[in-house]
Every structure is written in C-alpha cells, then in structure tokens.
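Working notes, beginning with the structure itself.
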Amino acid sequence: MKKTFYILCAAATALVSCNKAEVATQIADSSSRQISFCAENFYSFNTKAITNGDAVSVFSGSPVEGAANQQYNITGFSSNAGSLVKAGAGFLWGITQMGTTTTAPFYAIYPYSADGRSDFSSTNDLAWNITTAANVSYAMNVLAAYTTASPGEGESKLTSPDAVSLSFKHPFVLLEYTITNSDSFDSIKEVKISQVPNQGYLYYNAALAKPKMESETIVLGEEVMAYSDGKYYAVIFAAEGQTPKVTIEMNSGAKASYTTTSTDFTQGYKYTATIEYTRTHSEVASVRDVSVSFTSKETWDSGVISSPGSQTSVEEGTTNSNWPGIRGTNLTIGGSAPTWSLSVPMTCIGDGLYEAEITKVGDGNMEFKVYIKGSNTWKGGGTEHSGTSKWDNTWSMYDDDASGNIVWGESPSIVRFDGTNVYVRTKN
C-alpha cells in the first residue's frame, strides 16, 4: 500500500515539474508576451480625418521590454476608436510581470513624428514651442493618452494577457477666429496672434500640458503667425486670465489689433470669436485697438461651434498712411466719379499693390492721375495713349511726371500702382 502511494506521489511530482517547465517556456515565448493596444477618443478637430494606417507614437518603460518610443498604426478604426498594431518589434510584457498585476507606464501621442517631436522618456518631458504657423497646424491635431497597465493576474493571463486601453484627448487649447473683411478696397495680408502662452511641456505621467513658467509667472510667447484654412487658428496652453491679441495686417499696410477680454482657457477645448475688419480708405488708420469676447466654449470632440462673440469698442488711430486714389475727369470707378479735387480710392490687391478699373463717361477725353492725399503727391502723367493696347498682360508704364495727365482712349481700362510707378492697360 505504501509502495503504491509513493509511486503516485512521484508521478504527481513529475507532472508538476512538467507543468512548470511548460509555463516557463510559455512566458519566455515573446509571442505570448506581445502587448496589444486598444484606443478610443480618436478625434481630429479640424477634419476628423483619422483613418486606418495613421501612425501613433507609444512610449513605455521598465519592466516592459522594447525600445522606448515605437510606432504603432491604427487599425479597425470606427466611431473614433480602434486598435494599434506594431509597425516594428513592438513592446513585450516583462517576464516577471506575466500573470501578475505589476504595472508599467504607457504614454501615446498622435500623430507619430519621425523628427522626435513625439519622443518621450521617463526623465524628460516634451518641450513644445507652438510659435510658428507650421507648429500650430501640427499641434491642433495632437492627441495624447496616458495610463498604467498590467498583463493581468492568473494562469490564463500567461498566454493571453490583457490589452492596454488608451483614451486620447487634446492636451492643448485651440483658439479659432472667423475674420470678416468688410473693406472692399483692401485685403488681408496676414494675421498674427500674441499675448498667449504658446510655450510649455507635455508631461510624462499624464496626458497633460502646462505652460512655461518663470518666477511663478506664465511666459507669453512672441507674436506668432496664425495658421489659416479660411479661418485663423492659434494653439496655446491652458491657463487662467489670458488676453490674446490678434493683429490683422492688410496688403495696404494698414493694421488693426483686437484684444480679447480676460478668459480662463481649459485644456481640450476650442474657443471661437468673430472679428469684422471695417474701414473706408480715402485715408487709413494704421493702429486700432478693438476688444472682442470669446462667447463659445466647446469640446474638440463635438466639432460644434456656438454663436461666437462680436467686435466691440473700436478706437480709431490718428496716424494716416498714404492710400492712393484716382483723380481726373470723364471717368468712373465702381460707379463713383472722381474729380481733380476728389479721389476715388484704388483697391489694394497685394502687398503695396493697387488697382482700379476705370470707365469713360462724357464727351471729352478721359484724363486721370494717381493721387496720394497724405503726402499731396501726384503719380503718373504726361503721356497720351492711342488706345491700341489690348488685354494681353502688356502694361504701359507712366513715370512720375506732374506736367500732364494720362489721357486714355479706350474703355474700360485697368490702372495699377505699385507705390512708385503707374501702369495702364485696356480691358476687353
């Protein structure tokens, strides 16, 4: 009887030893330790154009095995969620983690960037300077996720560990301006935004961004060109009591500045405002201070924008620039008739470039010059045109000559002024 017992015990011991060996083999097998990821809240504010194959940068550290920052690609994307599949070697659960609740950190950033902007380390937070239009364009689509996770406890987790779940969110704040130009004689050259916290850090241990500080004061970045796709955008760090300033520069050289009322900006939100630029340009105010209010705050997730604020408290400057106009006789410009003492403003079509379409009226010769009121300066003149030139991109140039007028024989025609010379050609 005892003999039988010893035989059974020995057999059981051999069986246990065999199972331990198999488990050890399973743990050592990298395929069973491969980390899988599922992700949610994949929203791209501007276009929501995230698709399968888009790349995400994933960081992890000890006891997880694998290179610190790796590319994973989105797959199975639907309803702003999907899975991440490795583009290279991928991450492995540490051998000592298998079958336990021992956690490791995971930080992910979308979109993946090969230039290092999405590279992380546990001792080096990511510094961000959103100080150019290109950086704004990149930052407005950035998503970040942070979590700690383990493969799960129990024997079943040795061969089928839990997936790591990543929930993404926008770490920054988006400012969106709708700018309406109500000046028919001028056009917007550029829009810049200043007085905003656009320097700071993405922190390793949370999907969190904070502005750069010096002596417990938020550092406000220098003026940055707005990114534009029809509207104008800046990306900043969340902070309280901020007063962003928008400066609009027109192609004529005129400028207007618009400062928002003090606003508390919350991470992951977009704020919208509407600005209407208006001015009649027989003369140009070069400096204007305007107050606007952000009256809309929506999550980037929703993509919905409420009725934005409007322009208030316009204070016109007193410095006038030299806006060119047409003076003359027997012609009209856009239905307005100039005289030798009354200008009709030309339309600014580019950086310091102006045009006007002139149409002959009356029985006499159509005569005109370009006149700059601010400097009391006449441009062009002294030459009579025969009317033989056609709309063929050929311009006749008229030097600055105050001794006579430009006598133009064909209607309608186009007058162009580049700040120095006057050019004319017919339009057919």
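Bear in mind that the values in this text are calculations on the coordinates, not laboratory data. Note that the structure is a prediction, hence the values are computed from the model and not measured. In this analysis, Cβ positions are derived from the backbone assuming ideal geometry, glycine residues included, and neighbour counts consider all displayed protein chains.
For the stretch 128-208, the relative contact order is 43 percent, taking Cα pairs closer than 8 Å that sit 6 or more residues apart in sequence and dividing their mean separation by the residue count.
Measure up LYS255/LYS379; LYS192/LYS245; LYS86/LYS270; LYS189/LYS245 against 20 Å on the Cα-Cα distance and list the ones that go over. Over 20 Å Cα-Cα: LYS255/LYS379; LYS86/LYS270. For a test of the definition: using alpha carbon positions, the gyration tensor, and the 1.5 limit on a/c, classify the stretch 28-167 as rounded, prolate or oblate. The shape class here is prolate.
Scanning residues 5 or more positions from VAL196 or on other chains, those with amide H under 5 Å from its amide H are GLY221, with H placed 1.01 Å from N in the peptide plane.
Protection proxy ranking, highest mean first, for peptides 174-180, 261-267, 107-113: 107-113, 174-180, 261-267, where packing is the per-residue count of other beta-carbon atoms within 10 Å, averaged. When only Cα pairs below 8 angstrom with a gap of at least 6 residues are kept, the stretch 28-167 shows a relative contact order of 32 percent.
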